[in-house]
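Everything below concerns the one structure shown next.
The values are calculated or read from the model by the stated rules, or taken from the named source; none is laboratory data. Remember, it's a predicted structure, so these values are computed and weren't measured experimentally. Glycine also receives a Cβ, built like all others from the backbone with ideal geometry; neighbour counts cover every protein chain displayed. We work out accessible area using only protein heavy atoms, side chains counted, and drop any ligands, DNA or RNA first. Shrake-Rupley method; radii C 1.70, N 1.55, O 1.52, S 1.80 Å.
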Amino acid sequence: MRRVLVLGGTGWLGREIAQRAVAEGADVTCLARGESGSVPDGSRLVPVDRLSPYAYDGVTGQWDDVIELSSDPRFVGPALEALASSAAHWTLVSSVSVYSRNDEPDADESAAVVEPRDTSDYADAKVAAELISLKHLGDRLLVARPGLIVGPGDPSDRFGYWPARFSRTGPALMPTTAGRFVQAIDVSDLASWIERAGRDSLSGVVNAVGEVVSFSEFLRAAAAVARYDGELVEVADDVLLAHDVGYWAGPRSLPLWLPLTDVAFAQRSGAAYLVSGGIRRSLSETLSRVHADELARGIDRERRSGLSAVDEQAILRSAH
């Protein structure tokens, strides 16, 4: 029986990976504090603080695959020191945020990455994690660089903002969509690919990204899933910025909206992902899954990303 170690496994993506590995018959161990949730049925939790000097004492022996979800250098380096020599294959979950430019549509894995000068910065930390992992593992390493990960349970509240918004009535504020795109990968598709890549001993660097769709197409699809028949009101970038609306994510933002100088962030080449067996379910299926999850969680709940109904309507009144 394959032995799989997930460094994490109680968070969103980590739990999906562990669940998929269990379903494929692996002996799955999750090493985590266990504070962000439970591990999937059929897997084993080793509860530990990874800052402890004894963090890896409970996961000895040979591993067919180790999956590292963190980029924190306090975690990544010690894990490699303790486990790299006993791992037949290792997957590091990185990010397309490592790339230094976001103005090159269809750029692939050969594009330049940032210099890792400050590991408190997300992109720098991911690059640093890639470099140290490669040093320890060589051709046993797969670096998975996902783009926007979406699906039920998404803790960031970005993608789900739109089907949730379209579940309410009244005019809906949206950014100018011309020249903008959305590129999302369903968390279940990503987890399935990561699990299978471990079984197949896939190595190298792969952009694990979804299909590129125009922002307008994405909004139409989200509205259709929510059966929204209200008015979509485009507001210019300068007006949104003047009203302190943020790009991409976070409080008082319009999720997935990017500056026009960075629109290629959502246009990465996914050719290597598809060649390596990656699957992409349809946008409508993912939106349907997310819409059902948003309804279950409450469309009027406090969110980590997006505009409140009150803020949205205030901006619409002011802008028009």
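Shown here are the Rg and Dmax of the Cα trace of the stretch 119-224, at 17.4, 55 Å. When a 1.4 Å probe is rolled over the protein heavy atoms, the share of accessible surface on the chain that falls to carbon and sulfur comes to 51 percent.
Cα centroids of the stretch 75-147 and the stretch 152-170: 30 Å apart. Annotation: residue 110 carries an accessible surface of approximately 100 Å², with a 1.4 Å probe and no ligand, DNA or RNA atoms counted. Which one, (1) 58, 41, 38; (2) 57, 48, 38; (3) 64, 40, 36, gives Cα extents along the principal axes in Å as derived from the coordinates shown? Checked against the structure: label (3).
For residue 64, the solvent-accessible surface computed with a 1.4 Å probe is close to 60 Å², ligands and nucleic acids excluded. The trypsin sites (Lys or Arg not before Pro) of the stretch 162-210 that DSSP puts in a loop, and whose beta carbon has at most 15 other beta carbons within 10 Å, are 168.
What longest region of the chain stays clear of GluC sites (Glu not before Pro) that DSSP places outside H, G, I, E and B and that have at most 15 other Cβ atoms within 10 Å?
Longest gap between qualifying sites, sites excluded: 36-210.
Across the chain, the mean sequence separation of Cα contacts (distance under 8 Å, 6 or more residues apart), normalised by length, yields a relative contact order of 18 percent. In the distance distribution for the stretch 198-265, Cα-Cα pairs more than 20 Å apart total 49 percent.
Over the stretch 82-180, the pair-distance histogram of Cα-Cα distances with 10 Å bins from zero comes to 12, 31, 31, 17, 7, 2 percent, rounded to whole numbers. For the stretch 10-131, the antiparallel share of DSSP beta bridges with both residues in that region comes to about 10%. Seen from all directions on average, the stretch 1-143 presents a Cα convex hull projection of 9.1 nm². Of all beta bridges that DSSP places with both ends in the stretch 119-255, some 15 percent have antiparallel geometry. A crude spin-label estimate for the pair residue 2 and residue 241, with each label 7 Å from Cα along the Cβ direction, gives 4.7 nm.
Hey, got a sec? Which trypsin sites (Lys or Arg not before Pro) in the stretch 1-42 land in a DSSP loop and have at most 13 other Cβ atoms within 10 Å? Passing sites in the stretch 1-42 are 33. Solvent-accessible surface (1.4 Å probe) assigned to residue 154 amounts to roughly 10 Å². Computed on the stretch 1-87, with alpha-carbon pairs under 8 angstrom and 6+ residues apart, the relative contact order is 30 percent.
Computed over the stretch 118-170, the quotient of the alpha carbon radius of gyration and 2.2 N^0.38 Å is 1.74.
Computed over protein heavy atoms with a 1.4 angstrom probe, the accessible surface ordering of 169, 60, 177, largest first, is 169, 60, 177. When the residues 71, 85 are ordered by accessible surface, computed with a 1.4 Å probe over the protein chains alone, the sequence from largest down reads 85, 71. Size descriptors for the stretch 194-313 (Cα atoms only): Rg and Dmax, in that order, 17.3, 52 Å. If you look at the Cα atoms of the stretch 37-118, you get an Rg and a Dmax of 16.2, 45 Å.
Loop only by DSSP, 16 or fewer other Cβ within 10 Å of the Cβ. Give me the trypsin sites (Lys or Arg not before Pro) in the stretch 41-117 that pass, ordered by residue number.
Taking the stretch 41-117 and a limit of 16 other Cβ atoms within 10 Å, the loop trypsin sites (Lys or Arg not before Pro) found are 101, 117.
Scattering from the stretch 152-198 was approximated by placing one identical point on each alpha carbon and applying the Debye formula without solvent; log10 I(q)/I(0) at 0.18 1/Å stands at -0.77. The tail of the calculated P(r) for the stretch 1-83 beyond 22 Å holds 15 percent of all Cα-Cα pairs.
Restricting attention to the chain, close to 10% of DSSP beta bridges with both partner residues there are antiparallel. One decimal place: the segment residue 316-residue 44 gains 92.9 nm when fully extended, by the rule 0.36 nm per residue minus the C-alpha distance. Taking every alpha-carbon pair under 8 Å whose residues sit at least 6 apart, the stretch 171-308 reaches a relative contact order of 37 percent.
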